[in-house]
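Just so you know, all these numbers are worked out from the coordinates, no wet-lab data involved. Since we're looking at a predicted model, the values are computed, not measured. Cβ coordinates were reconstructed from backbone atoms using ideal geometry, including for glycine residues, and neighbour counts include every protein chain displayed.
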Amino acid sequence: METGKQTKRVRIGVIGAGSISSAHLDAYKRNGEVELVAVCDLNESRAQAAASKYGIPHVYTDYRELLARTDLDGVSVCTWNNTHAEISIAALEAGKHVLCEKPLCKTVADALRVEETVRRTGKVLQVGVVRRYAAGTDIVRRFAEAGELGEIYYAKASCLRRLGNPGGWFSDIERSGGGPLIDLGVHIIDLCWYLMGRPKVKSVSGNTYRKLGNRSNVENLSFYKASDYDASKNDVEDLANALIRFENGSSLMVDVSFTLHAKQDEISVKLYGDKGGVEIEPELHVVSEKHDTIVNMTPQTDHKAFHFGDSFFRETAHFARCCRGEAETLSPVEDGVEIIKLLSAIYESAAKGEEIRFD
């Protein structure tokens, strides 16, 4: 791409050609500084379909063969949660930079293994918490860093689906590690924690519920279904909620669901400081006080606070710059480890019916 000087294109491979991979592939394809070289999936026909759609010359069914290529700078890992650690470690050891879809992995032990490999290899691992890269997040971060919000002491986030259990691997705890908490909650918990300044966790109190199943009996409403959807298979929670306390005295309340007797789907992310507050989703608003008056401000932007396609483009473009050594990731492996510790503690608290304290 010509930008004053010739820039070498970053050569990328994508491992996993399921639904989330299309967001990565679309974004990479739009980026003139990226070349899509290879795609891999256990399902060869699905990998071939992705290769045809995006003009990718090399197709694999074994990720190890893709990683053996010497012409790849980085890879996106878009596979089941229970394979994230294994594939990321193999990619790092093969000398590749890694953009790993959220969550980093299923367990704290696996997360620590990935972190150790990153340190040993010196390669970049960017955790795919895409909301960190959204235009709205960047705006809020600048307000916060300028002191406009003051001390952020409370955050509240919800991502509630009334009918939205994708089934397939999403509802298989062995492959997913859990239900809406690890699939949806990871996004909004990470976003709040990031904008609060990544405070150290003090304690977690959580609940999970399995009351409604996947509600495959419900008619007249459509919802996204995984390619391996099977209504007979579902061993993850319907709903999870948690209160997270931090050592600096701040707190975060969160609730998420795949299925709930709610009037409508809901997504809401709000942060409150002693000088101002923000609502990030569903729309971006900043609240402040000026001249003894409460003022509601709406930042002007071409995009919603979180726009799916735009945010994935920003995320993958940032990863490409990291591969070239031009930037540092906004979502490093260390943060991925902390979020896995948080999610694991919520599940543990729910199972034991008691608060989990961090050392």
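Quick notes on this one:
- Reach of residue 106 by Cα under 18 Å, taken over lysines that are not fewer than 8 positions away in the same chain: 341
- Between 244, 189, 139, the GNM of the chain built on Cα springs shorter than 10 angstrom shows 139 fluctuating the most.
- Length gained on full extension, residue 68 to residue 303, computed as 0.36 nm times the residue gap minus the Cα-Cα distance: 80.7 nm.
- For the pair residue 230 and residue 107 in one chain, pulling the backbone fully straight at 0.36 nm per residue adds 41.8 nm over the alpha carbon distance.
- Debye intensity ratio in log₁₀ form over the Cα atoms of segment 194-292, taken at each q of 0.16 Å⁻¹: -0.91
- The chain: relative contact order in percent, alpha carbon pairs under 8 Å with at least 6 residues between: 21
- Value of relative contact order over segment 263-359, rounded to a whole percent, pairs C-alpha under 8 Å and six or more apart: 12
- Within-12-Å neighbourhood charge of residue 178 [Cβ basis; K, R +1; D, E -1]: -4
- Violating pairs (Cα-Cα greater than 30 angstrom) within the set 102/270; 96/225; 156/263; 233/304; 233/352; 202/275: 96/225; 233/304
- Percent antiparallel among DSSP beta bridges (both partners in the chain, rounded to 5): 60
- In summary, the aspartates and glutamates within cross-link reach of residue 290, defined as a Cα separation below 20 angstrom excluding same-chain residues under 8 places away, comprise 145, 148, 151, 274, 279.
- For residue 237, the residues whose amide H sits under 5 Å from its own are 179, ignoring neighbours fewer than 5 places away on the same chain, with H placed 1.01 Å from N.
- The trypsin sites (Lys or Arg not before Pro) found in segment 195-225 that occupy coil by DSSP, while having at most 15 further C-beta atoms within 10 Å, are 200, 210, 211.
- Dipole moment magnitude, nearest 20 debye, the chain about Cα centre, only Lys, Arg, Asp, Glu C-beta charged: 320
- Point-to-point label distance, residue 219-residue 202, nm (Cα→Cβ direction, 7 Å offset): 5.3
- Under the span-like rule (Cα at least 27 Å along the axis, Kyte-Doolittle mean at least -0.5), DSSP H helices of the chain: 333-352
- If you take the Cα centroid of segment 256-278 and the Cα centroid of segment 49-64, the two points sit 39 Å apart.
- Between the labelled values (i) 18.2; (ii) 19.8; (iii) 16.9, the entry that holds mean projected area of the Cα convex hull in nm² as derived from this structure is (ii).
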